[in-house]
Amino acid sequence: MLPKDPHMLASFLNLKLRDFYPTLDALCEDLGVDKEEIVQKLEAEEYSYDPERNQFI
């Protein structure tokens, strides 16, 4: 289960991306979550995914 709070979600995803997954696509596939839904939720809070850094900034 992913955190509901967008700031906690960004922190959780960044930790997982840093330690376990080479890309956001790999994370979403493994966890069975919708990438577009996550991206939209975080963009609403002014986070964006940077594939070069492999993190939300």
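Residues that are among the aliphatic types (A, V, I, L, M), within 16 Å of Ile57 (Cβ to Cβ) and free of Cβ contacts under 8 Å to residues at least 12 places away in the same chain within the range 9-38 comprise just one, Leu15. Restricting attention to the range 7-32, which residues are of a type outside the set (D, E, K, R) and under 10 Å from the mean Cα position of the chain (by Cα)? Listed by number, the residues that qualify are Leu9, Ala10, Ser11, Phe12, Leu13, Asn14, Leu15, Leu17, Thr23, Leu24, Leu27, Cys28.
Quick note: the coordinates plus some simple rules give every number you see, no bench work behind them. If you're wondering where the values come from, they're calculated on a predicted model, not measured in any experiment. Note that we place each Cβ from the backbone using ideal geometry, even for glycine, and neighbour counts take in every protein chain shown.
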